[in-house]
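The values are calculated or read from the model by the stated rules, or taken from the named source; none is laboratory data. Because the structure is a prediction, the values reported are computed rather than measured. Cβ coordinates were reconstructed from backbone atoms using ideal geometry, including for glycine residues, and neighbour counts include every protein chain displayed. Areas reflect the complete protein model, heavy atoms only, side chains present, ligands, DNA and RNA absent. Shrake-Rupley method; radii C 1.70, N 1.55, O 1.52, S 1.80 Å.
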Amino acid sequence: QVREWKNEGSKRYMCTGRPGWLTVSLRVGKYKKIHKNIMINLMDVLEVNSERQVVRVEPLVTMGQLTAHLNPMGWTIPVVPELDDLTVGGLIMGTGIESSSHIYGLFQHTCVAYELVLADGSLVRCTPTENSDLFYAVPWSCGTLGFLVAAEIKMIPAKKYVKIHYEPVRGLQKICEKFTEESKKQENCFVEGLVYSLEEAVIMTGVLTDEAEQSKINRIGNYYKPWFFKHVEKYLKADRTGIEYIPSRHYYHRHTRSIFWELQDIIPFGNNPVFRYLFGWMVPPKISLLKLTQGEAIRKLYEQHHVVQDMLVPMKSLEKSIQTFHADLNVYPLWLCPFILPNNPGMVHPKGDETELYVDIGAYGEPKRKQFEARASMRQMEKFVRSVHGFQMLYADCYMTREEFWDMFDGSLYHKLREQMNCKDAFPEVYDKICKAARH
């Protein structure tokens, strides 16, 4: 298809032909209508190599599909981003994170090779040692350097359960101290925080295990179970710590049924015990279904009165960041997920030369701040994130100007490769693809 596009005179930019409503991002990409759509129906797990401890997959393989395939073989991947429908391609070209990222980094840091079809129709494989510039430039590039057709991801041995410890913490300073301390411990396989108000949070740490106390097993993934964030809140309300054993696949997809806490706005009675027992098997609705059936008026309403954002900030700025989120948005719960950010080349790396501990702060829901105005409030947030050398996840609405965007992200390697590989006539620049200012 790429060669055909070349023969036709390379008239329009190319993009993948997957319809916009199928993606997990709430944004609807208008560029699909004007660009040349390249159909990439590659959705298979190609090879599980136990010796190299690597799994080779095609870009449309989803997280739900991958864990279902690997777990029975005794394997899993180090970072399993939460929602079942997230694809490998999306997690590499965008980004992905999970509560194991304080050890392994972002999803891209667990990948050891990418295979891409470039603008000239050639197929290349890149790794940290072969075509390394391309290897480091691909993550966060949103499909603007080439089409991903396969990726190799590290595997680790799977275990049956996650032994999880819940600890309520009160007082913002204490929350930040405790969360930072747990994130630095390598013996924690998983670290996650749910912040329920400016002064209240539950911090969870987990370890993988094959043994479990039968009385403490909680199969949270069963359809009739309470939503996970509501279950966690019980420990805060009762002001007690607790230990549970959760089957690992249930743990990996613990926020899937309630789409974190987005579903409470869509089905307010969804966590009612009667509803869960009778109709719990019907949720979550696919995000793609919600997008496909959403009218323009509702989409606009969502855009103006609803926020879905992940901001990645250095751990040392956590307290200041939560205060800023509170002042600008006032959305709760907030999701806290720690990750290690290595000093690799590419669009996203720490300010210094050292690997640095960062945290993803996720805000999903209806802002309770009285004067919330989507554009102005988000621009204020983005400015703050740039000031602490943080990053905004690109699946979300982004209101930055081009200059501000390239101030947040390091474009040096990316622009060099776009020049070298003649991408400028083939693909839009990443900013033009995702930023509101460029698309409207």
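Please verify whether the range 131-139 includes one or more residues that are aromatic (Phe, Trp, Tyr), open to solvent by less than 50 Å² (accessible area, probe 1.4 Å) and under 22 Å from residue 392 (Cβ atoms).
Step one: filter the range 131-139 for residues aromatic (Phe, Trp, Tyr), giving 135-136.
After this cut, where a residue has to be open to solvent by less than 50 Å² (accessible area, probe 1.4 Å) as well, the list is 135.
Right, trim to under 22 Å from residue 392 (Cβ atoms) and you get none.
The answer is no; no qualifying residue exists.
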| Residues of the range 232-258 being under 22 Å from residue 64 (Cβ atoms) and assigned to a loop (DSSP other than H, G, I, E, B), which ones? | 253, 254, 255, 256, 257, 258
| When residues of the range 329-350 are filtered for being crowded, with 22+ Cβ neighbours inside 10 Å and either among the basic types (Lys, Arg) or farther than 21 Å from residue 104 by Cα (or both), how many remain? | 4
| said: I'd like the full set of residues that are within 22 Å of residue 356 (Cα to Cα) and of a type in the set (Ser, Thr, Tyr), limited to the range 83-125. | reply: 95, 99, 100, 101, 104, 110
| Failed item, numbered, when residue 84 is tested on (1) touching a Phe, Trp or Tyr at 6+ places or on another chain (Cβ under 9 Å); (2) open to solvent by 50 Å² or more (accessible area, probe 1.4 Å) | (1)
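For a quick check of your reading: which helices (runs of 4 or more DSSP H) sit entirely within the range 286-352 and have at least 1 residues that are at pLDDT 95 or above and in contact with a strand residue (DSSP E or B) (Cβ under 8 Å, 6 or more places away or on another chain)? It would help to see each step written out before you state the result.
Working: elements: 287-292, 296-305, 318-328.
Output list reads 318-328.
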| If you scan the range 131-157, which residues turn out to be in a loop (DSSP other than H, G, I, E, B), among the hydrophobic types (A, V, I, L, M, F, W, C) and at pLDDT 95 or above? | 138, 140, 145, 155
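Could you list all residues from the range 170-219 that are of a type in the set (A, V, I, L, M, F, W, C) and surrounded by fewer than 20 Cβ atoms within 10 Å (Cβ to Cβ)? Please lay out each step first, then the result.
As a first pass, look at the range 170-219 and keep what is of a type in the set (A, V, I, L, M, F, W, C): 172, 175-176, 179, 189-191, 194-195, 198, 201-204, 207-208, 212, 217.
Within the range 170-219, 172, 198, 207, 208, 212, 217 meet the criteria.
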| query | Pairs under 6 Å by beta carbon, first residue in contact (Cβ under 8 Å) with a residue 12 or more places away in the chain in the range 90-108, partner open to solvent by 10 Å² or more (accessible area, probe 1.4 Å) and part of a helix (DSSP H, G or I), six or more apart or different chains? | reply | 92/108
| Looking at the range 351-388, which of its residues are open to solvent by 30 Å² or more (accessible area, probe 1.4 Å) and among the aromatic types (Phe, Trp, Tyr)? | 372
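Does the range 97-110 hold any residues that are open to solvent by less than 10 Å² (accessible area, probe 1.4 Å) and under 18 Å from residue 149 (Cα atoms), and which are they?
Residues of the range 97-110 open to solvent by less than 10 Å² (accessible area, probe 1.4 Å): 98-102, 105-107, 110.
107, 110, listed by residue number.
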| Assuming residue 219 fulfils every condition listed in (1) under 24 Å from residue 360 (Cβ atoms); (2) in contact with a Pro (Cβ under 9 Å, 6 or more places away or on another chain); (3) modelled with pLDDT of 95 or more apart from one, which condition is it? | (1)
| note | Screening 414, 395, 399 for residues that are closer than 22 Å to residue 146 by Cα and at pLDDT below 95 leaves only 395
| field | Cβ-Cβ under 8 Å pairs, at least 6 apart or on other chains, the range 33-50 side charged (D, E, K, R), far side open to solvent by 60 Å² or more (accessible area, probe 1.4 Å) and in a strand (DSSP E or B) | value | 47/56
| task | Under 8 Å between Cβ atoms, at least 6 apart or on separate chains: pull out the pairs that start in the range 253-277 with a residue that is at pLDDT 80 or above and end on any residue that is of a type in the set (Asp, Glu). | result | 253/82; 253/84; 254/82; 255/82; 256/82; 256/84
| query | Of all residues in the range 391-422, how many are surrounded by fewer than 22 Cβ atoms within 10 Å (Cβ to Cβ) and assigned to a loop (DSSP other than H, G, I, E, B)? | reply | 11
| Would a scan of the range 241-252 turn up a residue that is within 23 Å of the chain's Cα centre (by Cα), modelled with pLDDT of 85 or more, among the small types (Gly, Ala, Ser) and open to solvent by 30 Å² or more (accessible area, probe 1.4 Å)? | no
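Yes or no, residue by residue, for (1) in a loop (DSSP other than H, G, I, E, B); (2) touching a residue at least 60 places away in the same chain (Cβ under 8 Å):
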| residue | (1), (2) |
| --- | --- |
| 159 | yes, yes |
| 165 | no, yes |
| 187 | yes, no |
| 212 | yes, no |
| 219 | yes, no |
| query | Do we have residue 235 as open to solvent by less than 20 Å² (accessible area, probe 1.4 Å) and under 28 Å from the mean Cα position of the chain (by Cα) here? | reply | yes
| remark: Among (1) within 30 Å of residue 198 (Cα to Cα); (2) β-branched (Val, Ile, Thr); (3) open to solvent by 30 Å² or more (accessible area, probe 1.4 Å), residue 156 falls short only on (1)
